[in-house]
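**Student:** Here it is, the structure in full.
The values are calculated or read from the model by the stated rules, or taken from the named source; none is laboratory data. All of these numbers come straight from a predicted model, not from anything done at the bench. Every residue, glycine as well, gets a Cβ built from its backbone with ideal geometry; the counts of neighbours run over all protein chains shown.
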Amino acid sequence: MNTAQFFSGLVLIIVSIGLYFASKSRKSHAAQLNQARTLDLQQAAQGHFYGKFQGSIVADQVLTTPYSARPAVAWNAHLEKGREESYQDGNTTTKWQTVWSQSATTPFRLRGTGELWFDERGGLPTLDAPSTFDQYIHDATNPIIAPYVANRGLLGRLARPNFHAVETSFSPGAQAFFVGPVEAVNGFWVARPGQKKEYSVLTWKSEQQVKSRMSRAGTVWSLLSVVALAAGILVIIVSFS
């Protein structure tokens with residue numbers, strides 16, 4: 001028996017199982033989205049519901065994003081530093097390490113058929129915000145990377161910095177779509193994070209885009225699961241020949 005081939009086959013089978021469960025999770029979320037009812041939050045705030053809601057982002061106070069300096073109600077940003085690694089065959093690859101990461105939110109609401117509040121007290125749903133800054137930086141004088149650039153000695157001065165700055169944020173006035181649990185808190189409707197396997201997200205994508213993305217991902221992962229399983233079984237059989 002070829003031990004290396006046998007264990008390679010086992011790894012492929014384990015990968016296929018992971019892909020299967022990922023596909024199953026996507027299909028479960030798609031089913032929850034299809035069954036979620038459209039919420040009319042003009043009624044008196046009482047009770048607990050699972051549903052979907054479309055609206056425009058509104059806030060009494062706003063934040064300023066760190067890279068693009070835009071007004072926002074929620075942002076997430078990080079800075080990665082790249083380091084080149086060479087291999088014996090002459091190939092090189094870039095290893096990325098996060099050197100700074102931060103996020104911030106302020107209470108805001110979606111205004112549509114009524115109003116839905118989002119507040120980090122009690123937890124927020126997953127925030128899928130659009131990209132507002134995505135830049136590779138190689139200029140050592142750029143203030144974004146200044147604190148992380150090696151500037152001591154000749155090698156430090158000659159080295160070309162390699163950084164990647166990324167920022168996503170929700171801006172006031174932008175349209176957003178929410179699906180997840182909603183409950184009444186002190187007379188206001190408040191969005192909550194999903195519990196256990198419950199799907200909950202605030203996204204800049206439309207409902208149709210979310211459905212399409214889920215469908216594609218579920219189908220692709222399902223097909224890859226079958227391919228990985230078949231390949232794993234074949235490799236194991238070959239390992240005994």
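**Student:** Can you tell me which residue is nearest to LYS52 (Cα to Cα) among those in the range 114-136 that are in contact (Cβ under 8 Å) with a residue 60 or more places away in the chain and among the charged types (D, E, K, R)?
**Tutor:** GLU115
**Student:** Further question: Given (1) under 30 Å from ARG83 (Cβ atoms); (2) of a type in the set (A, V, I, L, M, F, W, C); (3) in contact (Cβ under 8 Å) with a residue 60 or more places away in the chain, where does VAL149 come up short, assuming only one miss?
**Tutor:** Of the numbered conditions (1) under 30 Å from ARG83 (Cβ atoms); (2) of a type in the set (A, V, I, L, M, F, W, C); (3) in contact (Cβ under 8 Å) with a residue 60 or more places away in the chain, the odd one out for VAL149 is (3).
**Student:** Of all the residues that make up the range 133-182, how many are in a loop (DSSP other than H, G, I, E, B) and either at pLDDT 95 or above or under 11 Å from LEU79 (Cα atoms) (or both)? Reasoning before the result, please.
**Tutor:** If we filter the range 133-182 for residues that are in a loop (DSSP other than H, G, I, E, B), which is where we start, we get 138-145, 149-152, 159-162, 171-174.
The next check asks that each one be either at pLDDT 95 or above or under 11 Å from LEU79 (Cα atoms) (or both); those that pass are 144-145, 162, 171-174.
Total satisfying the criteria: 7.
**Student:** Taking the range 185-211, which residues are out of contact with any Lys or Arg (no Cβ under 9 Å at 6 or more places or on another chain) and part of a helix (DSSP H, G or I)?
**Tutor:** Passing the criteria: GLN208, GLN209, VAL210, LYS211.
**Student:** Let me ask something additional. Can you tell me which residue in the range 28-57 is nearest to the chain's Cα centre (by Cα), limited to those that are surrounded by fewer than 17 Cβ atoms within 10 Å (Cβ to Cβ) and among the charged types (D, E, K, R)?
**Tutor:** ARG37
**Student:** Any idea which residue in the range 92-120 is surrounded by the fewest Cβ atoms within 10 Å (Cβ to Cβ), counting only those that are β-branched (Val, Ile, Thr) and under 21 Å from the mean Cα position of the chain (by Cα)?
**Tutor:** In the first step, residues of the range 92-120 are kept if they are β-branched (Val, Ile, Thr); the result is 92-94, 98-99, 105-106, 113.
Checking the rest, the ones that are also under 21 Å from the mean Cα position of the chain (by Cα) come to 98-99, 105-106.
Values: THR98: 11, VAL99: 13, THR105: 18, THR106: 16.
Once the filter is applied, the top-ranked residue is THR98.
**Student:** Still on this model: Are any residues in the range 9-21 among the small types (Gly, Ala, Ser) and surrounded by 17 or more Cβ atoms within 10 Å (Cβ to Cβ), and if so, which ones?
**Tutor:** GLY9, SER16
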